[in-house]
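The values are calculated or read from the model by the stated rules, or taken from the named source; none is laboratory data. Given the structure is predicted, the values throughout are model-derived calculations rather than measurements. Every residue, glycine among them, receives a Cβ derived from its backbone with ideal geometry; neighbour counts consider all protein chains shown.
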Amino acid sequence: MPELSVVIPVYNEKDNLEELYLRLKEAMEGLKKDYEIIFVDDGSTDGSAELLDHIASKPGSRVTVVHFRRNFGQTAALDAGFRQSKGQVIITLDADLQNDPADIPRLLEKLEEGYDIVSGWRRDRKDDFVKRTLPSRVANWLISKVTGIYLHDYGCTLKCYRREVVEHLTLYGELHRFLPALASHIGARVVEVPVTHHPRIHGESKYGLSRVFKVLVDLIVVVFLLKYSTRPFRLFGSGGLISFGLGFLMALYLSVQKLMLGARIGHRPLLLLSVLLMILGIQLASLGILAELLIRIYFENQGRLPYVMSYVVSEGTTTKVNGAS
Ligand code: UDP
Ligand code: MG
């Protein structure tokens, strides 16, 4: 069993792979620990797949390649890599040589200090300012604010994780970047370390500005998962109650006018608003009840727990308990 697993998502990076492998190998050999390298070929069409197989075929390469049938995206690739990996510590980095494998030992040192996730911070980022660095600054500020986990650089793939904290998290959409926030919610200690960043020399970036939008939409999901995933009725129910209550008060006011004062209320916009708010309130509350049922199915069907234990001490023996929601 290797101690360290390096997971690398690859999508059309043919001209970067050989040098990446050499530099990675150099960095990993220096650590004097057992390691494995897992490349996840995310449906490459430029010959990266064959090149990776060639690298993996050499005896002693320590390389495993996971192939996707088509391009499923970087998050899916990382998730597949996590599942394939066996090390107690998992290191992720990009395949395009923008991250520097030489930073890995420093990240691991930090992890040894007792952290569960060490996240790279591209302090001096070598990307287009308008298309990349600026939107990413805004996104990082917003993500930090709403999740309460303050990081300068959520987007840096160069990170290392203790196995326990990623083991039971399935990643969807662009969620890999939120791993520190999700993990810290289940008690992981997260720290940031400045890392070197290089401009991309071979190949092209796979993302445009549309990613910013996707990340923002995912952020809404993350906030919901963090705050309400075990008590969805709190969100939907209170929204529903407020809406229904307001609508009800308006209806009451209109009824009093009609019944006591004989006013005509058929043409009043307030009537429409009142009906709308009451229906909305009932809808939200029903949605909340459905969500409550769904999370029960989610947890009970899969044997999941809505909390995470750390360890159990019993008559002098300490057992570490793994298992996250
Ligand atoms: N990548 C991937 N699948 C995709 C897009 C990207 O596996 O659909 C990989 C890509 O090969 C690289 C990493 O994810 O190793 C980051 O991609 P890129 O360098 O294009 O992102 P940027 O650095 O511009 O944010
Ligand atoms: Mg890149």
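A few points about this structure:
- When Val146, Val138 are screened for being closer than 30 Å to Phe224 by Cβ, assigned to a helix (DSSP H, G or I) and either within 16 Å of ligand 2 (Cβ to nearest atom) or within 15 Å of the chain's Cα centre (by Cα) (or both), only Val146 passes.
- Annotation: Ala102 fulfils all but one of (1) touching a strand residue (DSSP E or B) at 6+ places or on another chain (Cβ under 6 Å); (2) surrounded by fewer than 16 Cβ atoms within 10 Å (Cβ to Cβ); (3) closer than 20 Å to Leu20 by Cα; the unmet one is (1).
- Identity of the residue in region 36-84, of a type in the set (Ser, Thr, Tyr) and assigned to a loop (DSSP other than H, G, I, E, B), that ends up surrounded by the most Cβ atoms within 10 Å (Cβ to Cβ): Ser44
- Top-ranked residue in region 299-325 [being part of a loop (DSSP other than H, G, I, E, B) and aliphatic (A, V, I, L, M); ranked as modelled with the highest pLDDT]: Leu305
- Criterion applied to Gly114, Gly148, Gly155, Gly187 was being among the small types (Gly, Ala, Ser) and at pLDDT below 90, and the one residue passing it is Gly187.
- Of residues in region 93-138 being within 13 Å of ligand 1 (Cβ to nearest atom) and of a type in the set (Lys, Arg), the one farthest from Thr157 (Cα to Cα): Lys131
- Positions within region 139-157 being touching a residue at least 24 places away in the same chain (Cβ under 8 Å) and not small (Gly, Ala, Ser), in sequence order: Leu142, Ile143, Val146, Thr147, Ile149, Leu151, His152, Asp153, Tyr154, Cys156, Thr157
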